[in-house]
Amino acid sequence: MSEGVASGAVLGLGCAPVSSDNPKTPEELEAERDVLAQRAEQTATALESLLKEAGVLSEGYDPGAFDPTSVLLDKFEGRLQAEAAILEEACDIVLPEVKLVAKPIRAAFSEPSENLEELEKLCGTLPARHRQADWLDVPAFHLDGATNFLGAFTDAQDGDTGIHMSKAYYLLVDGRLVEVHGVGSWAVVGTELRDVRRTIVSSREVTHKEVVTDANVADVFMKLRHSLHMSLQGIEGKHVPDLGERRARFDEIVMQYTSLVQRFAEGLRRVGDSPA
């Protein structure tokens, strides 16, 4: 009998009849069900212990009201909050360097501009309102995201045209985080892929938690760290206070992040393991 059938019996869904070609005796099948039931109980106990250690469950909780899925979601929410706090401090640490290289977001969408008005009209009125955000003219540092030239690198031939889409997160020099979506068009001329035009179709301010939920956090941290280690030529004659101290603190909080992820993953692994 498969584990799925045995599990169904443990859950009180009834015991399926023994197939005539099943070599196991009823006693052996019953023993298997007992083992599965014991493992399920031990796993639930391990999960409860893990969540108590993490402070998610109090000692006096009602076992009858215990919902592992809900509790795990709460635990995951706690991890996101912790990651968001680490990212917030990391952004504060690198702001002096970010200000040296930041450029307005709108400028990144101003070139190329061939038939730009036609594209913006095609996109509609809501994107037009999103392009009015004043922070699009505030210098910003690209944190995460890329442009997808749909089909251009797989199927395109000389003379083909198509569209590209992008989504990116930016750190403004005033400390805010923003999300920007763009759309544009490309053309292949000979063997050259040309970015013909692009415009912003959506923009909004976001929280640190939204960034860690959606972005590649490891890449974000590495990009921020790189800004702290620009060449001396890049920072020569410019005001970069307490650089050594901020470099050390940044590496410290990145280690806090990796430790947080490792603890969370190890805790889930222990819960998922079937006790020996």
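Observations
- Fraction of alpha-carbon pairs over 16 Å apart in segment 153-259 - percent: 72 percent
- Among the GluC sites (Glu not before Pro) in segment 85-135, those located in a DSSP loop and surrounded by at most 16 other Cβ atoms within 10 Å of their own Cβ are E114.
- Label-point gap, in nm, between L73 and Q38 - each point 7 angstrom along Cα→Cβ: 3.4 nm
- Cut-off 14 Å (backbone N to label point 7 Å along Cα→Cβ of T154), residues of segment 172-212: none
- Heavy-atom accessible surface of segment 74-268: percent carbon and sulfur, 1.4 Å: 53 percent
- In segment 74-268, lysine pairs closer than 27 Å at Cα, eight or more apart or cross-chain: 15
- Modelled this way, with points 7 Å down the Cα-to-C-beta line, the labels at K103 and V206 are 2.1 nm from one another.
- In Å², nearest 10: area of D137 left accessible to a 1.4 Å probe: 90 Å²
- With the simple spin-label model, which puts each label point 7 Å out from Cα in the Cβ direction, the E266 to D195 separation comes to 4.3 nm.
- Oblate is the label for segment 65-127, because a/c, from the alpha-carbon gyration tensor with a ≥ b ≥ c as root eigenvalues, is 1.5 or above and a/b does not exceed b/c.
- In segment 74-268, taking the dipole from charged Cβ atoms about the Cα centre, the farthest positive-side position among V189, I86, L260 is held by I86.
The values are calculated or read from the model by the stated rules, or taken from the named source; none is laboratory data. Given the structure is predicted, the values throughout are model-derived calculations rather than measurements. Counting neighbours? That spans all protein chains shown, and the Cβs are built from the backbone with ideal geometry, glycine included. To get the accessible areas, we keep the full protein, side chains included, count just its heavy atoms, and leave off ligands, DNA and RNA. Shrake-Rupley method; radii C 1.70, N 1.55, O 1.52, S 1.80 Å.
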